[in-house]
């Protein structure tokens with residue numbers, strides 16, 4: 001928990017120290033008037049932060065330390081609020097002319113006086129908190145570091161250890177383990193003399209330890225000639241010396257002592273052999289273990305490995321003696337599994353959650369000792385399904401909650417509903433669920449301190465909410481959770497945080513794109529309960545619930561999320577004037593009455609809300625500190641002229657709205673990085689096929705874009721007539737993503753090519769869509785051949801309009817991963833050119849993109865493509881894949897206007913094919929033919945039909 005507090009506090013203090021340093025460097029008379037107070041607060045917080053860092057080294061903290069750390073954070077937050085207001089006022093003063101400045105002098109004096117009083121109060125609080133540290137004995141605990149005094153395993157805990165349950169569970173209590181056990185036993189027993197490693201990886205509570213034990217206790221494995229079956233816990237508090245000492249005792253000392261007691265003398269170690277083992281160097285311990293294993297065929301289970309370094313240390317003691325030895329590792333972290341299984345003979349097994357049927361069987365077996373999934377009472381059906389949904393296929397959760405319900409004498413629907421609706425409270429207070437809480441909390445506690453605040457942030461989203469990667473990382477940045485590092489952008493760093501959560505299996509991927517990147521995720525319901533509990537405890541976030549109450553026990557709310565449509569949620573007695581982040585779900589049909597009080601907002605997310613009025617939008621323009629604003633899928637149709645007041649705004653998301661134009665005042669948004677507009681319709685469940693509604697682009701007035709020098713994403717901007725906006729775009733040297741919709745392309749093409757040339761070094765994603773209302777004579781896209789220099793750093797490229805031939809520089813796009821073509825009318829030679837792109841992963845051939853009646857994918861082409869989309873090519877009669885073409889293709893997505901006369905052939909040559917997806921108006925005869933062809937395919941790819949997101953699987 002101390003790491004949690006420090007993570008939150010450190011983030012608040014770092015952000016403030018940076019602002020204070022910038023402020024102290026200014027020579028304004030306003031700053032000079034309060035210079036001493038600002039300098040004192042800065043110096044004091046620097047010292048506090050250094051002390052906080054030292055506190056995180058120690059494991060032992062009492063309530064005084066925790067309270068003191070929280071007080072430091074609150075001072076930092078209040079100081080930042082005060083300084084931000086001061087900086088805002090300072091900025092306004094610097095922009096005034098002399099006459100206006102003289103006129104506003106009385107107001108400036110009043111402002112300086114008010115801020116001076118606030119800073120003096122904060123200085124006094126900082127001084128008092130500093131003195132309180134000594135007054136109440138808030139000191140570094142006199143405990144040695146983990147390295148000096150390690151704990152070997154979590155078995156030393158006074159609490160229930162969930163691993164014990166896994167070790168001693170009766171086999172008849174297990175559900176859904178037979179198939180994975182048999183699969184892994186079969187792999188384990190394959191004839192191979194080399195040392196092989198099996199890593200079982202997955203979310204905490206899925207039964208990794210149980211599966212590993214059941215594999216080793218299989219009769220097939222037991223009857224093999226393995227000479228030892230040790231099981232070792234590694235744990236978060238791993239120490240290599242302690243682990244190796246334990247292994248030596250268990251594997252060498254105990255067996256020899258047992259032999260001595262039985263009267264055997266030959267080959268025994270001497271009495272003093274292990275004397276003083278506690279003082280042995282790690283190298284000596286390692287050598288003893290290697291000698292022990294050298295002449296044996298062994299099988300070792302290393303349970304719960306948390307770091308790559310732990311594995312690198314352990315594997316030194318496990319020799320590859322070519323006797324067919326095996327090592328089974330369990331871990332929650334994908335990077336650890338990859339490190340353990342780095343050789344071709346190793347294997348990673350991703351353990352899955354229980355199916356709905358298996359979950360029901362385990363649940364009722366635990367409560368009623370039933371051997372089937374039939375309920376003794378129909379009235380419990382609905383609530384049972386709700387409980388199992390929250391368990392999310394997690395065996396540990398199902399067992400523990402089942403035990404809790406079994407212990408209740410009154411087995412009624414009402415009693416079970418109480419448990420279902422109050423699982424957060426039950427996890428906190430009910431001893432029966434302690435094992436679940438411990439398992440979930442372990443993953444959270446193992447996060448580095450800089451990730452804990454980012455993970456707590458997930459608590460602001462409602463249950464079962466699909467969290468999108470892009471908006472989340474932009475919110476983290478706006479909140480100040482991401483600190484700039486040399487050579488790495490904040491966006492890249494925030495993306496790595498998201499990937500870390502996925503790799504640690506503490507969020508579940510929902511959508512994975514063609515690059516393998518997780519685009520959206522979901523938090524397990526029970527993990528959400530845990531982080532909500534921690535979030536409330538640390539005053540990280542507060543929530544307005546279905547009953548209208550505010551979940552917060554603190555006088556100042558810092559982050560507020562409304563998931564309820566209850567009328568009482570429109571009012572709250574809590575102090576909301578300090579709220580930094582406000583999230584309002586789509587179910588809320590009225591903007592709360594306290595909304596105008598949120599003047600310190602940094603993040604505002606009203607996605608999906610249909611209750612926005614002109615007054616609400618004008619109110620937003622007064623939130624001067626706002627960095628992130630999402631009005632996505634709202635009823636907003638026009639942005640206020642005063643939008644330019646939001647001078648710190650970094651993200652403006654107005655996708656899927658009726659907003660058609662930016663106001664001229666938007667030219668003041670000099671910090672804006674992401675301007676996101678347009679409405680894409682998702683045509684398949686995987687979102688691999690999308691369609692942009694052409695009337696959802698937006699126009700920009702002259703002189704607006706040129707001041708947005710920080711802009712990185714400018715999407716779906718409409719260019720018509722003879723627009724000077726193209727020249728302004730060429731000034732945006734940080735621009736990485738540009739989507740342009742042309743109306744009146746001929747008169748703008750020269751200016752556009754010049755802009756592309758100037759942006760060629762920065763652009764990574766480019767989309768060009770020509771929206772001519774009548775057929776134009778010239779083939780404008782062919783002019784791309786003349787762009788100089790060409791944008792050779794593109795990773796994503798999209799073209800929509802007639803194209804006689806591909807620009808010659810396309811063959812030089814060595815970084816291109818995604819290519820989308822529509823209405824281009826290309827021919828077979830273009831397929832040959834595109835097939836040589838070395839890093840192309842995704843190729844989308846949409847309507848009219850290809851003009852010939854036969855499309856052949858040649859041998860040796862498209863080496864890395866894993867997603868191919870062929871959508872309604874008008875005259876297509878045959879699709880053929882030659883042997884050796886598209887060798888990495890995993891998903892093939894198809895849609896046809898009419899049945900291809902010569903069909904789809906060569907599917908047997910696609911050796912990695914996993915799924916063939918038909919979408920739109922599905923032609924059943926084509927689907928049936930393909931399903932029949934792939935029956936003999938070694939991969940047994942799925943054949944599915946997705947008719948407007950209604951999915952059918954064909955067998």
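Here are a few things to note about the model shown:
- Extension gain for the segment residue 660 to residue 805, taken as residue separation times 0.36 nm less the Cα-Cα distance, is 48.8 nm to one decimal.
- For the stretch 447-540, alpha-carbon Rg relative to the globular expectation (2.2 N^0.38 Å, N residues): 1.05
- Placing R0 at 60 angstrom, the Cβ-Cβ distance between residue 859 and residue 701 gives a FRET efficiency of 0.65 after rounding to 0.05.
- Taking 7 Å steps out from each Cα toward its Cβ at residue 517 and residue 322 produces label points 4.6 nm apart.
- Length released on extending from residue 647 to residue 411, taking residue separation times 0.36 nm less the Cα-Cα span: 79.1 nm
- Globularity index of the stretch 884-955 is 1.04 (Cα radius of gyration / 2.2 N^0.38 Å, N = number of residues).
- Distance between the 7 Å Cα→Cβ label points at residue 693 and residue 670: 3.6 nm.
- Whole-Å semi-axes of the stretch 817-955's equivalent ellipsoid (Cα gyration tensor): 21, 18, 14
- Residues of the stretch 708-738 with amide N under 17 Å of a point placed 7 Å along Cα→Cβ from residue 489: 708-716, 730-738
- Cβ crowding within 10 Å ranks 332, 822, 468 as 468, 822, 332, fewest other Cβ atoms first.
- Inter-part distance, the stretch 394-447 to the stretch 899-955, computed on C-alpha centroids, equals 44 Å.
- Förster radius 30 Å - calculated FRET efficiency between residue 877 and residue 815 (Cβ-Cβ, nearest 0.05): 0.30
- Zone residues, the stretch 197-221, relative to residue 191, backbone N less than 20 Å from point 7 Å out along Cα-to-Cβ: 197, 220-221
- Efficiency of FRET from Cβ geometry, residue 343 and residue 279, R₀ 41 Å, rounded to 0.05: 0.70
Rule-based calculations on the coordinates, nothing more; no lab input. Since the model is a prediction, treat every value here as computed from it, not as a measurement. Glycine also receives a Cβ, built like all others from the backbone with ideal geometry; neighbour counts cover every protein chain displayed.
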